[in-house]
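The values are calculated or read from the model by the stated rules, or taken from the named source; none is laboratory data. If you're wondering where the values come from, they're calculated on a predicted model, not measured in any experiment. Backbone-built Cβ (ideal geometry, glycine too); neighbour counts: all protein chains shown. Surface accessibility is based on the protein's heavy atoms, side chains included, excluding ligands, DNA and RNA. Shrake-Rupley method; radii C 1.70, N 1.55, O 1.52, S 1.80 Å.
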Amino acid sequence: MNRLDKKFRGLKSQQRKALIAYVTAGFPALGATDKVVRDLESAGADIVELGVPFSDPIADGPVIQQAAERALRSGTSLKKILAMVRSLRTKTQVPLVLMAYYNSIFRYGEAAFCRDAVTAGVDGLIVPDMPTDEAGTIYPLAEAAGLDVIFLLAPTSTGERQASVARLSRGFIYYVSLIGITGAKLTDKVDVEQKVREIRRYTTTPVAVGFGIATSDDARQVARIADGVIVGSALVKIIAEGGASASDRLVSFTRSLKSATLGS
């Protein structure tokens, strides 16, 4: 049983929901990401998602785009991120998921990436521009290496697409709560609840909801619906604001998010 499965099963046995925290790797610098991950874990994050900076994102809003641009300017690369994860694994066993656009993996080499990611200590992979019907080459390589590939579903996903993702997604299913980009405001939680119910008709794999969750109240409402709550832009924004108290503010906000999920 890998770290993702173990985490979700442990939370389920306690009737709790997962707090999944997203940060951009290499922002504000790669050396700082190690501490950010450990701060998030200490504040209650159950899983940490590391965004691999990419020059041409399709799903990221302004906050994460700007973080990615800065990370790229500082020389952050996929190889350097994996080296950082390898070092991080000597300090924490928190489940780690990479979110990387396919071009970064293709340039690295699919087989080499899957092997190196698992060796470094990565547990899961999200490729936002790779739907299930285009995952024919990397999926078997990831599965053979022990790397969970996590697929996304959206409000516009058909029943056929839901069934396909439910069959192939490992670790959890990422439900994108709205049509738009990260950082947008989530307003229709009734629709989210309906879609999560639809997805659960096809699978017992945990369903985590992301996009538009910016406050502890948002987290509380989504945790009543889903198995996991994914928060990204709100955390990256705190890191971007910087200052001497940035670490304290990040920890405090993460704790408030975790507290909100406990009451679900």
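General remarks:
- Any chance Leu235 is open to solvent by less than 50 Å² (accessible area, probe 1.4 Å) and more than 27 Å from Phe106 (Cβ to Cβ): yes
- Taking the conditions (1) at pLDDT 95 or above; (2) open to solvent by 20 Å² or more (accessible area, probe 1.4 Å); (3) assigned to a loop (DSSP other than H, G, I, E, B) in turn, Pro128 satisfies each one other than (1).
- Search result, residues across the stretch 135-167 that are open to solvent by 40 Å² or more (accessible area, probe 1.4 Å) and either within 20 Å of the chain's Cα centre (by Cα) or in contact (Cβ under 8 Å) with a residue 24 or more places away in the chain (or both): Thr137, Leu141, Glu143, Ala144, Gly146, Leu152, Arg161, Arg167
- So Leu78, is it closer than 18 Å to Ala208 by Cβ and either of a type outside the set (Phe, Trp, Tyr) or surrounded by fewer than 19 Cβ atoms within 10 Å (Cβ to Cβ) (or both): no
- Candidates in the stretch 94-119 are the residues that are β-branched (Val, Ile, Thr) and open to solvent by less than 20 Å² (accessible area, probe 1.4 Å); of these, the one that is nearest to the chain's Cα centre (by Cα) is Val97.
- Considering the stretch 51-75, the residues that are under 20 Å from Leu125 (Cα atoms) and among the charged types (D, E, K, R) include one that is surrounded by the fewest Cβ atoms within 10 Å (Cβ to Cβ), namely Asp56.
- The set of residues from the stretch 219-238 being more than 17 Å from the chain's Cα centre (by Cα) and part of a helix (DSSP H, G or I) comprises Arg220, Gln221, Ile238.
- Ala18 vs. criteria farther than 24 Å from Ile138 by Cα, among the small types (Gly, Ala, Ser) and in contact (Cβ under 8 Å) with a residue 24 or more places away in the chain: yes
- Residue match in the stretch 175-185 (condition: open to solvent by 10 Å² or more (accessible area, probe 1.4 Å) and modelled with pLDDT of 90 or more): yes
- Taking the criterion of being part of a loop (DSSP other than H, G, I, E, B), of a type in the set (Gly, Ala, Ser) and more than 15 Å from the chain's Cα centre (by Cα), the residues of the stretch 14-43 that qualify are Gly26, Ala29, Ala43.
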